[in-house]
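One structure is given below, represented as structure tokens, and several questions about it will come after.
Read-outs throughout are calculated quantities, based only on the coordinates presented, and are distinct from any laboratory measurement. The shown structure was predicted, so the numbers you read here are calculated from the model rather than taken from an experiment. Ideal geometry is used to build each Cβ from the backbone, glycine not excepted, and the neighbour counts take in all protein chains shown.
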Amino acid sequence: MENLDNKVLFAKKGIKNTKQRNMTYNILMQENLPVTAELIFLKLKEADEKISLSTVYRILEVFISKGLVIKRNLSEDNMAVFEINNMEHKHHLICYCCKKMQVIKGCPLGAYEKILQEQTDYDISGHRLEIYGYCPDCKEKK
């Protein structure tokens with residue numbers, strides 16, 4: 001399951017090209033939303049790959065250190081999720097019940113960042129926004 005694009009990308013980033021790294025990266029590329037290491041592990045197992053969860057975490061740490069992947073800790077339950085770093089600024093809407101995530105389009109905080117910077121003299125370099133609630137499916141079940 002080697003991807004030529006992955007091979008070139010890994011070489012540029014100084015990452016050793018292995019089957020397990022290729023498969024892990026491909027899974028992340030297929031996902032539209034952040035995923036847990038456990039979900040990646042299960043998908044690798046479905047593909048009959050012999051890999052341990054700790055190896056998945058080590059692969060993800062390599063990807064993070066080279067700027068290919070972003071790790072986020074969702075504040076609600078301190079769960080780590082991972083996604084491809086496509087240099088796109090985005091926020092998420094997260095269901096309390098089923099943990100489903102949805103990307104929020106647009107960012108309402110740009111102007112607020114400027115105001116805060118003027119008021120506090122901080123050099124603001126970024127922010128994250130997670131909004132929690134109940135998705136339509138879970139709201140209907142309640």
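List the residues, sorted by chain then number, that are 5 or more residues from CYS97 or on another chain and whose placed amide H is less than 5 Å from its amide H.
Excluding prolines and chain starts, which carry no amide H, the hits are CYS135.
Go through LYS16/LYS66; LYS19/LYS71; LYS16/LYS45; LYS16/LYS50 and tell me which ones have a Cα-Cα distance over 20 Å in this structure.
Working: LYS16/LYS66 12 Å; LYS19/LYS71 22 Å; LYS16/LYS45 22 Å; LYS16/LYS50 18 Å.
Checking Cα-Cα distances, LYS19/LYS71; LYS16/LYS45 exceed 20 Å.
Which of the aspartates and glutamates could be linked to LYS90 by a straight reach, that is with a Cα gap under 19 Å, when you skip same-chain ones fewer than 8 residues away?
By straight Cα distance, LYS90 reaches GLU31, GLU76, GLU113, GLU130.
Evaluate the charge dipole of the chain about its Cα centre and quote only its size in Debye, nearest 20, assuming +1 on the Cβ of each Lys and Arg and -1 on the Cβ of each Asp and Glu.
With Lys and Arg at +1 and Asp and Glu at -1, about 440 debye.
Of the candidates ALA11, ALA111, ALA47, which one comes out as most mobile in a Gaussian network treatment of the chain with C-alpha springs shorter than 10 Å?
Among ALA11, ALA111, ALA47, the largest mean-square fluctuation in the Gaussian network model of the chain belongs to ALA111.
Report, as a whole number in µm² per second, the diffusion coefficient that Stokes-Einstein gives for segment 65-104 at 37 °C and 0.692 mPa s using the Kirkwood radius over alpha carbon pairs.
Working: Rh = 11.3 Å.
Reported coefficient: 292 µm²/s.
Put +1 on the Cβ of every Lys and Arg and -1 on every Asp and Glu Cβ in the chain; which of ALA47, GLY110, ASN86 then has its Cα farthest towards the positive end of the dipole?
ALA47
Here is a further query. Just the projected area, averaged over all directions, of the convex hull on the alpha carbon atoms of the chain: how many nm²? Walk me through the intermediate numbers first.
Details: hull surface 44.1 nm².
Seen from a random direction, the Cα hull of the chain projects 11.0 nm² on average.
Could you work out the relative contact order of segment 3-111, using alpha carbon pairs under 8 angstrom and six or more residues apart, expressed as a whole percent? Kindly include the intermediate steps, with their values, before the conclusion.
On the way: 106 pairs, mean separation 22.2, N = 109.
Once normalised by length, the contact order is 20 percent.
Would you work out the relative contact order for segment 89-142, in percent, from Cα pairs under 8 angstrom that are 6 or more residues apart? Don't skip to the end; give the middle numbers.
Working: 53 pairs, mean separation 25.2, N = 54.
Computed value for segment 89-142: 47 percent relative contact order.
Here's something else I'd like to know. Mind giving me the nanometre distance, one decimal, between the label points for GLU113 and LYS66, set 7 Å out from Cα along Cα→Cβ?
Inter-label distance under the simple model: 2.7 nm.
Next up: When 1/r is averaged over all different Cα pairs and the result inverted, which Kirkwood radius in Å belongs to segment 68-142? Let's see the in-between values first.
On the way: mean 1/r = 0.0698 Å⁻¹.
Value: 14.3 Å, from the Cα pair sum.
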